Structures are given as C-alpha cells and as structure tokens.
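Undergrad: Dumping the structure here so I can ask a few things about it.
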Amino acid sequence: PGAPVLAALGRTVPGALRLGIVDVPALVGVAALERLGKNPAAAGPITDGQGRIRFLVDLGEDEEPEYGLAKWREVGVDLRVWGRGRYCPLPTPGTVGPSWVVWAVPPDPAKRALPHARQVTAVLDRAVRDAYPSLWDVVTRQHP
C-alpha cells in the first residue's frame, strides 16, 4: 500500500507511440513549468519526487534520442531522456497524504496525447538557460 505505480518506458501506451520521460533536476523543472504555461502544446503529465521532475513524453519512432541535452550534461546539469528498458514511478491512484512521488501536473483526461519529447526538450533547453545563465556562456564556447 502506498507504493508508486511503475510505468514501463519504451512501450506503446494510449496517447504515445513509445512512452518516455525527460528527467531533470527540480530547479530546471520548475523553470520549465513556467515556460510550459506559454507553450501548451508541450504540456503533459509531470511527476515530482526526490529532487527530480519527470516529464512524460512520446518518444515517437526516434531511437533513444538526446535532443541536444548532452551539451548540458557536459557542463554538469543532469538532463536525461529515458525510454526502453527503464521504469518511471507514478503516484499511486487514490493515495492521500505525503508520498515520495506526486503529480506536479496531473494527467488531463481531455488531452489524450502526450507531447513529443522534442517539444519538451526545446522548452527545457530555454529553461536551463534561464536557471543557469552562467553556464550558457560555457556551453556556447564548447558548442559553437
């Protein structure tokens, strides 16, 4: 009781050709949530737990892409796209009270399709620039 549900990533689910997550530090995730309000096409269910925010996405037919996030990892910001062979904890339905994973943005029953990973990583790229402005200079020097 109270244990989270584990979603198997990389599989077809309603609303996604292949379920994936974009996993980011909470600071970046919060900055991205503000930006997603301005880009509703990239918004979807999002979990929050253990200092990380996970955006549920559709990986489509792409073979475990990075979508440009590797440049941020090179400078110390841990942004990842996860798919096949991984699991993502989701909040336990019907649970009330404290939990180690909660919905930051719950699923919207009226919106069946998950955003594509490309849409979410584009918003995250901008959010990282906002959250870590000094790192942007480092990234632009390394990736002209």
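The values are calculated or read from the model by the stated rules, or taken from the named source; none is laboratory data. Values in this document were obtained by computation on a predicted structure and should not be read as measured data. To get the accessible areas, we keep the full protein, side chains included, count just its heavy atoms, and leave off ligands, DNA and RNA. Shrake-Rupley method; radii C 1.70, N 1.55, O 1.52, S 1.80 Å.
Undergrad: Helix 117-131: angle to the longest alpha-carbon principal axis of the chain, degrees 0 to 90, nearest 10?
TA: Around 60 degrees separate the two axes.
Undergrad: How much solvent-accessible surface does residue 21 expose, in Å² to the nearest 10, with a 1.4 Å probe and all protein chains in place?
TA: 10
Undergrad: In terms of the Cα gyration tensor, with a ≥ b ≥ c the square roots of its eigenvalues, is the stretch 42-91 rounded because a/c is under 1.5, prolate because a/b exceeds b/c, or oblate?
TA: oblate
Undergrad: Kindly express, to the nearest 10 degrees and within the range 0 to 90, the angle between helix 133-142's C-alpha long axis and the longest C-alpha principal axis of the chain.
TA: 60
Undergrad: For the chain, find the longest principal axis of its Cα atoms and tell me its angle to the long axis of helix 26-36, 0 to 90°, nearest 10.
TA: Between helix and principal axis, roughly 90 degrees.
Undergrad: Mind sorting out which of (1) 21, 17, 15; (2) 25, 17, 14; (3) 32, 18, 14 is the real semi-axes √(5λ) of the Cα gyration tensor in Å computed from the coordinates?
TA: (2)
Undergrad: Before rounding to the nearest 500, sum -39500 (n - 2.57) across all DSSP H runs of length at least 4 in the chain and divide by the residue total; then give [θ] at 222 nm in deg cm²/dmol.
TA: -8500 deg cm²/dmol
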